[in-house]
Amino acid sequence: MAQQVQGVIARAKGAPVEIATITVPDPGPGEAVVKIQACGVCHTDLHYREGGINDEFPFLLGHEAAGIVESVGAGVSEVAPGDFVILNWRAVCGQCRACRRGRPEYCFSTHNAKQKMTLADGTELSAALGIGAFAEKTLVAAGQCTKVDPSASPAAAGLLGCGVMAGLGAAINTGGVGRGDSVAVIGCGGVGNASVVGARLAGAAKIIAVDIDDKKLETARSLGATHTVNSRSTDAVEAVRQLTGGFGADVVIEAVGRPETYEQAFYARDLAGTVVLVGVPTPEMRLDLPLLDVFGRGGALKSSWYGDCLPSRDFPMLIDLYLQGRLDLDAFVTETIGLDDVEKAFERMHHGDVLRSVVMF
């Protein structure tokens with residue numbers, strides 16, 4: 001029988017979010033209903049509210065979440081009721097050309113639940129990233145549930161569902177940071193600081209954090225940055241070069257998503273170095289670089305989508321590191337809040353006051 005729960009929706013572009021009654025259907029074939037325990041407030045949710053993703057309002061927001069599987073539909077074998085899971089927005093198909101050649105982290109046909117959750121009046125909701133976890137319960141494709149050790153804190157574990165995984169993966173998976181490498185991270189919000197942590201885990205010898213906010217730089221240093229650069233007062237490219245023997249960093253991770261910071265990343269890398277774009281640009285942004293420089297500097301220019309992660313591989317491994325005390329996910333939880341505090345959390349995020357606000361249920 002369908003259930004009615006409370007959830008946070010964005011009804012129109014730019015309008016404040018509101019709490020509404022959500023109807024969650026019973027899971028159909030290949031689907032699962034998950035009782036949400038914690039959900040991080042991610043910048044992507046703000047993008048949805050502002051119409052920056054698409055205009056398929058109303059949206060059921062929230063996607064960076066952990067919870068308990070309540071029920072599953074026919075044919076589900078990945079998870080069972082009672083499992084503690086992190087939700088992901090990369091439910092791989094297993095059949096597309098990427099999956100068939102053994103690269104499921106690049107799956108071209110990821111999928112969501114086929115049924116729609118609705119408002120009480122029957123209006124269909126668009127679930128953010130196919131998840132919609134600012135709700136007491138949500139309906140997802142079973143492949144969007146990754147079972148992990150239930151000893152983990154839901155508030156910390158859920159952050160792997162998006163932002164922290166994006167940053168860690170940008171360093172480890174996309175950037176291929178290795179032992180002894182020099183790494184620069186431009187933009188030290190939640191994703192950028194997760195890149196700092198990823199570079200440290202990978203054994204980078206020098207990790208240079210770049211931002212215009214000294215508070216964020218202090219946080220980056222506490223998470224493993226060996227050097228910090230305030231680019232409001234210092235030329236970021238020159239500073240990175242000076243800190244790397246005049247050459248530039250082996251890997252530069254751009255976690256802002258703006259043309260001017262991407263250009264900094266491009267010129268702050270060493271010859272044959274790697275630039276990783278993990279910051280999300282807006283549709284109107286354009287980049288102008290001399291093509292001769294693109295050719296002449298060699299190396300690789302990459303974008304990192306979800307940290308090029310494979311949830312079934314990466315989430316359990318990272319939770320194990322967390323439980324061993326080797327990955328401090330708790331450091332990313334700035335505050336825990338209630339469902340009715342999401343709009344205020346967006347304001348704090350906009351002002352750079354938090355790494356993550358986490359809604360607890």
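Consider the stretch 200-224. How many of its residues are open to solvent by less than 80 Å² (accessible area, probe 1.4 Å) and farther than 17 Å from PHE266 by Cα? Spell out the reasoning first.
First pass over the stretch 200-224, keeping only residues open to solvent by less than 80 Å² (accessible area, probe 1.4 Å): 201-211, 213, 216-217, 219-220, 223-224.
Checking the rest, the ones that are also farther than 17 Å from PHE266 by Cα come to 201-206, 213, 216-217, 219-220, 223-224.
The total comes to 13.
Restricting the search to the stretch 244-257, which residues are open to solvent by 10 Å² or more (accessible area, probe 1.4 Å) and at positive phi?
Of everything in the stretch 244-257, those that are open to solvent by 10 Å² or more (accessible area, probe 1.4 Å) and at positive phi turn out to be GLY245, GLY246.
Do we have ASP288 as among the acidic types (Asp, Glu), assigned to a loop (DSSP other than H, G, I, E, B) and touching a residue at least 12 places away in the same chain (Cβ under 8 Å) here?
yes
Just one of the numbered conditions (1) free of Cβ contacts under 8 Å to residues at least 60 places away in the same chain; (2) open to solvent by 40 Å² or more (accessible area, probe 1.4 Å) is not true of GLY298; which one?
(2)
I'm told CYS39 meets every condition in (1) open to solvent by less than 10 Å² (accessible area, probe 1.4 Å); (2) within 21 Å of PRO281 (Cα to Cα) except one. Can you identify the failing condition by its number?
Among (1) open to solvent by less than 10 Å² (accessible area, probe 1.4 Å); (2) within 21 Å of PRO281 (Cα to Cα), CYS39 violates only (2).
Which of the numbered conditions does PHE84 fail, given that it passes all the others? Conditions: (1) under 20 Å from PRO311 (Cβ atoms); (2) more than 20 Å from the chain's Cα centre (by Cα); (3) not basic (Lys, Arg).
For PHE84, the exception is condition (2).
(1) touching a residue at least 12 places away in the same chain (Cβ under 8 Å); (2) closer than 28 Å to GLY51 by Cβ; (3) open to solvent by 80 Å² or more (accessible area, probe 1.4 Å): which one isn't true of HIS351, the others all being true?
With respect to (1) touching a residue at least 12 places away in the same chain (Cβ under 8 Å); (2) closer than 28 Å to GLY51 by Cβ; (3) open to solvent by 80 Å² or more (accessible area, probe 1.4 Å), HIS351 is out only on (1).
This table checks each residue for (1) open to solvent by 70 Å² or more (accessible area, probe 1.4 Å); (2) closer than 30 Å to VAL85 by Cα; (3) basic (Lys, Arg).
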residue	(1), (2), (3)
THR226	no, no, no
THR234	no, no, no
PRO259	no, no, no
ALA268	no, no, no
GLY279	no, yes, no
PRO283	yes, no, no
LEU287	yes, no, no
LEU291	yes, no, no
LEU318	no, yes, no
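The values are calculated or read from the model by the stated rules, or taken from the named source; none is laboratory data. Values in this document were obtained by computation on a predicted structure and should not be read as measured data. Ideal geometry is used to build each Cβ from the backbone, glycine not excepted, and the neighbour counts take in all protein chains shown. Quick note on the areas: whole protein, heavy atoms, side chains included, nothing else; ligands and nucleic acids left out. Shrake-Rupley method; radii C 1.70, N 1.55, O 1.52, S 1.80 Å.
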